[in-house]
1. Just to be sure I understand the filter: pairs with C-beta atoms under 7 Å, separated by 6 or more residues or on different chains, first member in segment 145-158 and not assigned by TED's automatic domain parsing to the domain that holds Val224 and modelled with pLDDT of 95 or more, second member part of a loop (DSSP other than H, G, I, E, B) and aliphatic (A, V, I, L, M). Which pairs pass?
2. If you scan segment 211-255, which residues turn out to be outside any loop (DSSP other than H, G, I, E, B), touching a Pro at 6+ places or on another chain (Cβ under 9 Å), more than 17 Å from Val171 (Cα to Cα) and of a type in the set (D, E, K, R)?
3. Determine, yes or no, whether Ala455 is outside any loop (DSSP other than H, G, I, E, B), at pLDDT below 95 and more than 29 Å from Val283 (Cα to Cα).
4. Which of the residues that make up segment 47-67 are in a loop (DSSP other than H, G, I, E, B) and in contact (Cβ under 8 Å) with a residue 40 or more places away in the chain?
5. Those residues that are within 21 Å of Leu59 (Cβ to Cβ), part of a strand (DSSP E or B) and modelled with pLDDT under 95, I need them from segment 82-110; list them, please.
6. Name the one entry in Ile252, Ile225, Ile289, Ile210 that is in contact with a helix residue (DSSP H, G or I) (Cβ under 8 Å, 6 or more places away or on another chain) and in the same structural domain as Pro309 (by TED's automatic domain parsing).
7. Within segment 118-126, is even one residue modelled with pLDDT under 95 and more than 30 Å from Tyr452 (Cβ to Cβ)?
8. Give the residue, chosen from Gln67, Gln75, that is crowded, with 17+ Cβ neighbours inside 10 Å, over 24 Å from the mean Cα position of the chain (by Cα) and at pLDDT 95 or above.
Amino acid sequence: MYDDRLHDSCGVFGIHAPGRDVARLTFFGLYALQHRGQESAGIAVADDGQITVIKDLGLVSQVFNEQMLQSLSGQHAIGHVRYSTTGSSHWQNSQPLVRSRNGDVIALGHNGNLVNTTELRDELIAQGVKFAGTTDTEVITALIAHEAEGDLLGAVRTAVAKIRGAFSAAVMSGDALVGFRDPYGVRPLCLGTYEGQPVISSETAGLDIIGADFVREIQPGEIVIVDKEHGLRSERVELEGSRPALCIFEFIYFSRPDSTMAGRTLHLVRQEMGKHLALEAPVEADLVIPVPDTGMPAAIGYASASGLPYAEGLIKNRYVHRTFIQPDDQLRQVGIRMKLNPLSAVIRGKRLVVVDDSIVRGNTTSKLVEMLFSAGAKEVHLRISSPPIQYPCYYGIDMATRAELIAANLSVDEIRAKVGATSLHYLTLEGLQDSTGLPKSQFCRACFDGDYPIAVPEEYSMCKMRFEKGAAATCEP
């Protein structure tokens, strides 16, 4: 199947707007964040202290209909779209997750991945806490729910001090809405305002779709809370040794190109990546074409800097989404054509510069190169707008183990030979950093340089199914 891509784990959204249709607003917010997760979607709404949750497997538009949205009324809401990085794609792992706390109910949605899930889960089980699912999100929810003393803010504060890893989350009780971000800020989270009321979203695109105004990014280690009694307030949880470490792949690929982060519009940043790539790896060619959609901004930048014409040589089927139907052998043979089809009339006889954002295992890239040559391309020069991925991610990217990462095991020329390209060049790490316009101290770049900002336990398992029944067999190396 055409799925040799990196996947971020989730998108979260929350809004406090008494008197407004918070469920519908959350639905549209999730619609704008759909790219962050396509396995499940859910919305929780609080109405006079009572929380109602609707969630299911599938896309936002598949899970919700008009009748459902009309049944969800209240003062505040949170929503979630999921791509699994811990736990299987089953209904019980879909979010928001719900637990009772001190006579109240809380609902939580989370983007990221913890590195001390096993330790915390075992501690909670020893204290008699039961788990219905197999996600690290359930551990966060249980920690907050298990903290019986004090208000929701105090419970979140205590949980944040215990959990380690990447987490940007929205949690609510019957009378309060909270957004919080880990002390390293690995995953994005921003604050906006809708008709004077606060909104939180993984990306600014979630604000734009409902006409909310961007206020600022929620800072690493910050907790923001809003309730009827006190309005909006915030505080910081400090962690010794922490530093800003936003995942640089948010700039390369994960976030929508129309979102902004750190004052940068990501579409323009990605164009800069393409321009740097053209300066680092020029080639005599006839056309620059992107691998749609994520390769488009960098391809535009490459064409601009190189003086080569830009064209669409690959047409994407935008109606293909994640499916739970297993492909048969015949379908596997045509897998890439489910999403991409070459325009032979455009590329026949041409020397192509093909721009993509990354290569993970290389399986899809080799099929893509083969398909372009079959469609009549004279030469295929691959240009990748990120450096070689050589190390696995532990912070919320569903990534192959190092043994599966093609760049961890082969040289660039060996990769070129394996995928069958005429030439292959990656953007250098220095070129990538220059393109962002920000210092490297602001980012996590561990998948490129192996410098992990958050310590990972030696016994940490990369297997996302490690808490499932039969995990010993599923997670065998």
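1. none
2. Scanning segment 211-255 gives Glu217, Glu250.
3. Working: outside any loop (DSSP other than H, G, I, E, B): no; at pLDDT below 95: yes; more than 29 Å from Val283 (Cα to Cα): yes.
Judged against the criteria, Ala455 is not a match.
4. Answer for segment 47-67, where residues must be in a loop (DSSP other than H, G, I, E, B) and in contact (Cβ under 8 Å) with a residue 40 or more places away in the chain: Asp48, Gly49, Leu59.
5. Matches in segment 82-110: Arg82 only.
6. Details: Ile252 fails: in the same structural domain as Pro309 (by TED's automatic domain parsing); Ile225 fails: in the same structural domain as Pro309 (by TED's automatic domain parsing); Ile210 fails: in the same structural domain as Pro309 (by TED's automatic domain parsing).
Being in contact with a helix residue (DSSP H, G or I) (Cβ under 8 Å, 6 or more places away or on another chain) and in the same structural domain as Pro309 (by TED's automatic domain parsing) holds for just one of Ile252, Ile225, Ile289, Ile210, which is Ile289.
7. Looking through segment 118-126, none of the residues is modelled with pLDDT under 95 and more than 30 Å from Tyr452 (Cβ to Cβ).
8. Numbers: Gln67 fails: crowded, with 17+ Cβ neighbours inside 10 Å.
Result of the check over Gln67, Gln75: Gln75.
The values are calculated or read from the model by the stated rules, or taken from the named source; none is laboratory data. Small disclaimer: the values here were computed from a predicted structure and weren't measured. Counting neighbours? That spans all protein chains shown, and the Cβs are built from the backbone with ideal geometry, glycine included.
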